[in-house]
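Down below is the structure, laid out as structure tokens.
Where a number appears in this text, it was derived from the coordinates with a stated rule and is not lab data. In this text the structure is predicted, and so the values were computed from the model without any measurement. Heads up, the Cβs are rebuilt from the backbone with ideal geometry, glycines too, and the neighbour counts pull from every protein chain shown.
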Amino acid sequence: MVRGVYIHIPFCHQICNYCDFNKFFFHNQPVDEYIESLGKEMALWTDDLKKAKIDTIFIGGGTPTSLSLEQLERLFTLIHMYIPMEQVIEFTSEANPDEITLEKMQLMRKFGVNRLSMGVQTFDQDLLKVLGRTHSNEHVYEVIEFAKQTDFPSISIDLMYGLPNQTMEQWKASLQEAFRLKIPHISAYSLLVEPKTIFYNLLSKGKLSLPGEDLEAEMYGYLMDEMKQNSYLQYEISNFSLEGKASQHNLLYWNNDEYIGLGAGAHGYVNGVRYSNHGPLKKYMQTIDSGEKPLMMQKEVTQTEKMEEEMFLGLRKNAGVSLVRFEERYGQTLPQVYGEQLEELLRKDLILMENNFVKLTTRGRFMGNEVFQYFLK
């Protein structure tokens, strides 16, 4: 059953040096028309939305807060028009700190947004420039103040480590600043240099100096230790929250549950079929105008693939993969399907079995990708 909705806003006022998401520079783009196309796409999903139990909505990008106040209001109006809101427990919007105004936050609260996810990345002003970010720390402090004024229930920030020329001291300082601000939820990711990004071009020319694997591992180790010291629960490899503030939408992905993805380049998983939408705006909007869903790719997920996904997604969570749930979903026990893999990973101290769950050990978290490979055929 569909449990969530993801909505993609592909516009940015500034393209960051590391970003490989489907995005377009805001200027001269058909933004108003795109929002109307989103409404039409929601209408095309009416039957599935009526049958769904929507717990979470996540507006991502791009940058949703690149939209004007009027554009945001139209987007939220369409969401309320087509998506059943009665059971929604978490409604998140991504945001750039320098694009958030008090008026935008008031509008979000009016339409039920109860979680803001901010792309902070670092509190080091020099590293912000390296990343191509346009905000300053003062913008972040201002948004936190707006959140208090509008009684915003939860804020999450993204932080990054393993950045070009980043030192351990810079990483420690950024984390300590996040703790000082008492941010309820922190996602922390190591930099991945993806193709078609400015960083990728610089790296290929030998003009990007990145920390080595040892320093990156040290940064991750420090991250886990400090989160624990500051009462944050590590509920997923890269995600930490104070009690009761875990992202329910992200858990939907890691629990391998189904969700509808809306917007140019969005991905979804409905009725056992994974799909992706057309990325180019023109193709996306033309397809919708012809009365069809803007599907670029559809793939029915086989039973074997579902079990693989259950493992490599579920093991990202600290709770791990439930043996009981696995057998209920797939009609076979976990040891029946992956007995050899489990034995070897147990022997290498990369997983442990505890209270009917398989989970990564602390050592296994450092080597997550290697562990996940064991469950892919």
Quick one: of LYS110/LYS148; LYS40/LYS283; LYS172/LYS205; LYS182/LYS359; LYS40/LYS293; LYS51/LYS110, which pairs are farther than 20 Å apart, Cα to Cα? LYS172/LYS205; LYS182/LYS359; LYS51/LYS110
Cβ crowding within 10 Å averaged over residues, with 148-157, 367-376, 109-118 ranked highest first: 109-118, 148-157, 367-376
Restricting to aspartates and glutamates and to Cα separations under 15 Å from LYS348, and discarding same-chain partners fewer than 8 apart, the set is GLU340, GLU370
Ranked ASP349, ASP47, criterion: other C-beta atoms within 10 Å, fewest first: ASP47, ASP349
Can you compute the label reach from LYS207? Point 7 Å from Cα along the Cβ direction, backbone N cut-off under 16 Å, restricted to the range 132-171. 132, 164-165
Take the alpha-carbon centre of the range 152-181, take the same for the range 62-132, and report the distance between them in whole Å. 20 Å
Counting only DSSP beta bridges with both residues in the chain, tell me the antiparallel percent, nearest 5. 40 percent
Net charge dipole size for the range 78-159 [Lys, Arg +1 and Asp, Glu -1 on Cβ; Debye, nearest 20]: 180 debye
Can you check what the net charge comes to around GLN149, using other residues whose Cβ is under 13 Å from the Cβ of GLN149 (Lys, Arg +1; Asp, Glu -1)? -1
Would you mind putting 93-99, 51-57 in packing order, based on average other-beta-carbon counts within 10 Å, highest first? 93-99, 51-57
I want the local charge near ILE54. Using Cβ-Cβ distances under 13 Å, sum +1 for each Lys or Arg and -1 for each Asp or Glu among the other residues. -2
Packing-based exposure ordering (other Cβ within 10 Å, fewest first) of ARG363, ARG74: ARG363, ARG74
Where the only charges are on Cβ atoms (+1 Lys, Arg; -1 Asp, Glu), what is the dipole of the range 2-254 about its Cα centre, to the nearest 20 debye? 300 debye
Could you sort 226-234, 204-212 so that the peptide with the highest average Cβ count within 10 Å comes first and the rest follow in order? 226-234, 204-212
Roughly speaking, what is the centre-to-centre gap between the range 310-377 and the range 193-257 when only Cα atoms are used, to the nearest Å? 21 Å
